[in-house]
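First comes the structure, then the notes that go with it.
Since every read-out is calculated from the coordinates, none of them should be taken as a lab result. Quantities reported herein were computed from a predicted structural model and do not represent experimental measurements. Methodologically, a virtual Cβ is constructed for each residue, glycine included, from the backbone with ideal geometry; neighbour enumeration extends over all protein chains shown.
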Amino acid sequence: MADAGVGVFDSGVGGLSVLREVRTALPAEHLLYVADSGAAPYGERPAQFILERAQAIVEFFLGQQIKAIVVACNTATAVAIQSLRSRYAVPMIAIEPAVKPAAAQSRSGVIGILATSQTLASENFSRLAERHGQGVRILAQACPGLVEQVEKGDLHGAATQAMVAAYLEPLLAQGADTIVLGCTHYPFLLSVIRAAAGPDVAVIDPAHAVARELRRRLESAGLLRAGDAPGTERFWTSGATLDVMPVMTKLWGCQVSVKRLP
């Protein structure tokens, strides 16, 4: 099983920000990525729909003989991770908003969470905020439209900048000095977010912690791929491949071939 691949999935192309960190942490691993672009964005979808999509993607990965799965989608984590872990034996590492490190490093005691409506409305987020948000004020900001901007590759346009500024303004006005990226699409907007937030505001992306945890889990199970040969990447989408491929190529940083998800 050490030579088997690691499956990574997201509602769309945003999870490539997590895949990037996984590739850096685990250069020898074979990586399989699914962008559920045909169903994106998950943020405004019913919970049952998201759960069914997540289960279908996990079933696809199992058919590809993978050894671990990374849920690179905060909304899928919030809605489906407990069900997925109870249903499947494969190791699963899931991303979630980095409330704990944000609370630890905030100087003002006010942190802002940028995320989708579904993530912020979930019981999972409520538990996370209650467990790690003691002593700080948590400002939750839903960001409808931002996922769609990334999905079409508009990372720096005027509309994207206006959305980011509008979502950050109430958080900054209330004294937030730490912003958590609670959606894996948002790291691709990091330069716009930092420009709007200013130099005194910290921005936290939890993707590195996910990659580190994946490495730890594989290592402890004796499942790290041996040798110095670089790992490969394979990509699938449930959307239109001709539309998704150029965006994924742009975000990944080199030409990728994207197959249609069965």
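The table below gives the values:
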| read-out | value |
| --- | --- |
| Range of Cα positions in region 184-242 per principal axis (Å), largest first | 43, 35, 20 |
| For region 99-204, alpha-carbon Rg and Dmax in angstrom | 13.1, 39 |
| Gap separating the Cα centres of region 18-46 and region 86-162, nearest whole Å | 17 Å |
| Within-12-Å neighbourhood charge of P41 [Cβ basis; K, R +1; D, E -1] | -2 |
| Exposure proxy order (Cβ contacts within 10 Å, fewest to most) of D205, D36 | D205, D36 |
| Selected from A196, A68, A89 as most flexible by GNM, with the chain as the system and alpha-carbon contacts under 10 Å | A89 |
| Kirkwood Rh, angstrom, the chain [1 / mean 1/r, Cα pairs] | 18.5 Å |
| Sorted by Cβ density within 10 Å, fewest first, the residues T249, T232, T116 | T232, T249, T116 |
| Peptides ranked, highest mean first, by Cβ atoms within 10 Å: ranges 240-246, 55-61 | 55-61, 240-246 |
| Which of R127, R217 has the fewest Cβ neighbours within 10 Å, and the rest in rising order | R127, R217 |
| Lysine-lysine proximity count for the chain, Cα under 30 Å, sequence distance 8 or more or distinct chains | 6 |
| For Y33, distant residues with modelled amide H under 5 Å away | V8, R234, F235, W236 |
